[in-house]
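Scroll down for the structure; my scribbles are underneath it.
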2 protein chains.
Amino acid sequence: MSSLKRIDVDHLKVSCKECNLRELCFPHGMSDAELLNMDAVVDQPKPLHKNDFLYRDGDSSRAIYAVRSGCVKTMTESANGDEQIVGFHLPGELLGLDGFAEGVHTCNALALETSSVCELPLNQLENLCHVLPGLQKQMRRIMGKEVNNDHKLLLLLGKMTAEERLASFLLSLSSRMEERHWKDNEFNLSMPRQDIANYLGMAVETVSRLFATFQNEKIIDVDRRHITILDMQRLKAIVGECDTEL
Amino acid sequence: MSSLKRIDVDHLKVSCKECNLRELCFPHGMSDAELLNMDAVVDQPKPLHKNDFLYRDGDSSRAIYAVRSGCVKTMTESANGDEQIVGFHLPGELLGLDGFAEGVHTCNALALETSSVCELPLNQLENLCHVLPGLQKQMRRIMGKEVNNDHKLLLLLGKMTAEERLASFLLSLSSRMEERHWKDNEFNLSMPRQDIANYLGMAVETVSRLFATFQNEKIIDVDRRHITILDMQRLKAIVGECDTEL
DNA sequence: AAAAAGATATGACTTATGTCAAATCAGAAC
DNA sequence: GTTCTGATTTGACATAAGTCATATCTTTTT
């Protein structure tokens, strides 16, 4: 143990090639040769502590980021100080596209827990896109995904009841857990109730009550931040996915 | 007049170079030489009639589009048939990015009135980006803009009251009118009340009532679809833009 | 021009959720 | 371990906005 102490784990670089998130991340669909190119430009800064900002509204946009571990939330701020969380970013998910319009970020990005990210510097992105044919396509895919994601959220906020929103949120997390080959019916929430409420456009109290309701109805089990989905079908039924069984 | 009749106005191609929307559109910041390249690949299909679809959810994504005249709305559809309008696209504004993620559109795009669009085919986009250094950057700008726009909408749906939403909507239209060098305090709505309500996540009746309220308070004048903003400051005050005067 | 269909407006009433207040619980700091 | 602070839960009550019903006005169809 005393000798291990000298390994600075913060600076062990994980290569894209070795990373088990690579298929969810920038390198999606890239060849081994292309992966080496990615590795050469991807930077891995020191981990963020809980409540550290990755970037803030107004910061000039230097890079796009991929979460490697932990969870990062992004939120917009209105003129009168209201804040709306627009995304919770899990490992393998990207953020920073908000800076593309004007070269300046229009969101705050904040670590919900100790988190590490990979950085793809924008000044290298341009060149890299010329060298790696796959990357340009992947960039478009990523941006399309962000847009589609936002659209789903708009539908959620515009048309769904509180109950449907929370069910929808849990299902979204569940399917993202599955993508990562983690348990899709049992996971920990990295965000407080307040953040869930904000994200879903409702009051904290409503989130609390709905968790209690779902628990009473044996749809989920809630223990603090630990969620177990007991009846996936009923959860899906709530949001109106009509497939009774696949 | 009898001789003019033979000119097929639908097929008169407007070059990017001549287009007075160019600075809002793809060609933003391009040189004259670059504009010629754009012209070579930009297609101008026949105008859409009111209620024609430009594309539908599930269609394979062939191009991105710029509105040249009229107005096109985009909307997402949920599994249970709910529909959420996610954008009203005015001349010079782009749409079609929703198809970037999977090569398939995830929105419906529908003309609210007779409208014409320009098409930038995706298969040409790739090559064009290599030739035109400005275009790749512009593509990123466009996508960033879309993301930022969606974030603003999320804030609106998540945090604002009905009154704030409608005021916000009117101000957004107003500033977009100004961008186009049209009157910013007097314009026609191309969408029915029902669409405004859907977009803003409220009931039609609420939109009606709020228009009546704003009118009574002499903030705006409403005549059918014709809106006159009488007191821009108060409208801004409603959404909480704290700048009493610039 | 009349009739039909659709869009908009307005009133009466209901309800999903928000707000306020208080109690409980968990984790951090000392 | 005790205290303190912040997170979560729960209850009582208030309200913004939805729903339903009806009337009016516009536009399209015949």
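Efficiency by 1/(1 + (r/R0)^6): what FRET value for A:ALA162 and B:ASP43, r their Cβ-Cβ distance, R0 = 41 Å, to the nearest 0.05?
0.35
Distances in nm, one decimal, shortest first, from A:ARG180 to the same residue in every other copy, taking the label point 7 angstrom along Cα→Cβ.
4.4
When each copy gets a label point 7 Å from Cα toward the beta-carbon at B:MET232, what are the spacings between them in nm, shortest first?
Nearest first, the other copies' label points are 5.5 nm away.
Please report the buried accessible area for the interface of B with A, total over both chains, probe 1.4 Å, in Å² to the nearest 100.
Accessible area lost upon association: around 3900 Å².
Could you work out, residue by residue across A:153-165, how many beta carbons of other chains sit within 10 Å of that residue's beta carbon, and then give the average as an integer?
6
What is the protein assembly as shown by shape, rounded, prolate or oblate, if you read a ≥ b ≥ c off the alpha carbon gyration tensor as root eigenvalues and call it rounded for a/c under 1.5, prolate for a/b larger than b/c, and oblate otherwise?
oblate
Between B:ALA212 and B:LYS145, what length in nm is gained on full extension when 0.36 nm per residue of separation is reduced by their alpha carbon distance?
Taking 0.36 nm per residue and subtracting the Cα distance, the gain is 20.9 nm.
Note the distances from A:ASN123 to each other copy's matching label point, with points 7 Å along the Cα-to-beta-carbon direction, in nm, sorted shortest first.
The projected label point of A:ASN123 is separated from its counterparts by 3.9 nm.
Just read off the accessible area of B:SER15 with the full protein assembly in place, 1.4 Å probe, to the nearest 10 Å².
30 Å²
Taking only complete DSSP H runs, can you tell me which helices of chain A stretch 30 Å or more along their own long axis by Cα positions and average at least -1.0 on the Kyte-Doolittle scale?
Helices meeting the span and hydropathy rule in chain A are A:133-159.
In the range B:97-135, whose amide N lies under 18 Å from the spot 7 Å out along Cα-to-Cβ of B:ASP52? List them in ranges.
Inside the label zone: B:108-121.
Once the piece of chain linking A:ASP221 and A:ALA79 is laid out straight, how much longer is it, given 0.36 nm per residue of separation minus the C-alpha distance between them?
Gain in length upon complete extension: 47.2 nm.
Against the empirical 2.2 N^0.38 Å scaling, what ratio does the C-alpha Rg of chain B come to?
That works out to 1.08 for chain B.
Would you give the gap between the C-alpha center of the range B:193-226 and the C-alpha center of the range A:119-196, rounded to a whole Å?
Value for the Cα centre distance between the two parts: 34 Å.
Can you tell me the dipole magnitude for the protein assembly as shown around its Cα centre, using point charges on the Cβ only (Lys, Arg +1; Asp, Glu -1), in Debye to the nearest 20?
160 debye
As I understand it, the dipole of the protein assembly as shown uses +1 on the Cβ of Lys and Arg and -1 on the Cβ of Asp and Glu, about the Cα centre. Which of B:PHE26, B:ASN127, A:MET177 lies farthest toward its positive end?
So the residue furthest toward the plus end is B:ASN127.
Based solely on its DSSP helices, what 222 nm [θ] is calculated for chain A when runs of n ≥ 4 H residues each add -39,500 (n - 2.57) and the sum is averaged over all residues, nearest 500 deg cm²/dmol?
When only DSSP H runs of four or more count, the value is -12000 deg cm²/dmol.
What FRET efficiency comes out for the pair B:GLN124/A:VAL131, r = Cβ-Cβ distance, R0 = 30 Å, nearest 0.05?
About 0.90, to the nearest 0.05.
According to the square roots a ≥ b ≥ c of the eigenvalues of the Cα gyration tensor, what is the shape class of the range B:120-177, taking rounded for a/c under 1.5, prolate for a/b larger than b/c otherwise, and oblate for the remainder?
Prolate, because a/c is 1.5 or more and a/b exceeds b/c.
With charges only on Cβ, +1 for K and R and -1 for D and E, what is the dipole size of the range B:161-238 about its Cα centre, in debye, rounded to 20?
It works out to roughly 80 debye.
When a/c is below 1.5 the answer is rounded, else prolate if a/b is larger than b/c, else oblate, so apply that to the range A:67-134 with a ≥ b ≥ c taken from the square roots of the Cα gyration tensor eigenvalues.
oblate
What is the sum of charges, Lys and Arg at +1 and Asp and Glu at -1, for the other residues whose Cβ falls under 12 Å from the Cβ of A:LYS50?
Neighbour charge sum, excluding A:LYS50 itself: -1.
List the trypsin sites (Lys or Arg not before Pro) in the range B:182-246 that DSSP assigns to loop (not H, G, I, E or B) and whose Cβ has at most 15 other Cβ atoms within 10 Å. Which are they?
B:LYS183, B:LYS218, B:ARG224, B:ARG225
Set the Förster radius R0 to 56 Å, insert the Cβ-Cβ distance between A:ALA203 and B:LEU36 as r into 1/(1 + (r/R0)^6), and round the FRET efficiency to 0.05.
Working from the Cβ atoms, E equals 0.50.
The values are calculated or read from the model by the stated rules, or taken from the named source; none is laboratory data. Computed from a prediction, not measured in an experiment: that's the story for all the values here. Don't worry about glycine lacking a Cβ; one is built from the backbone with ideal geometry, like all the others, and counts go over all protein chains shown. All accessible areas refer to the heavy atoms of the entire protein, side chains included, with ligands and DNA or RNA removed. Shrake-Rupley method; radii C 1.70, N 1.55, O 1.52, S 1.80 Å.
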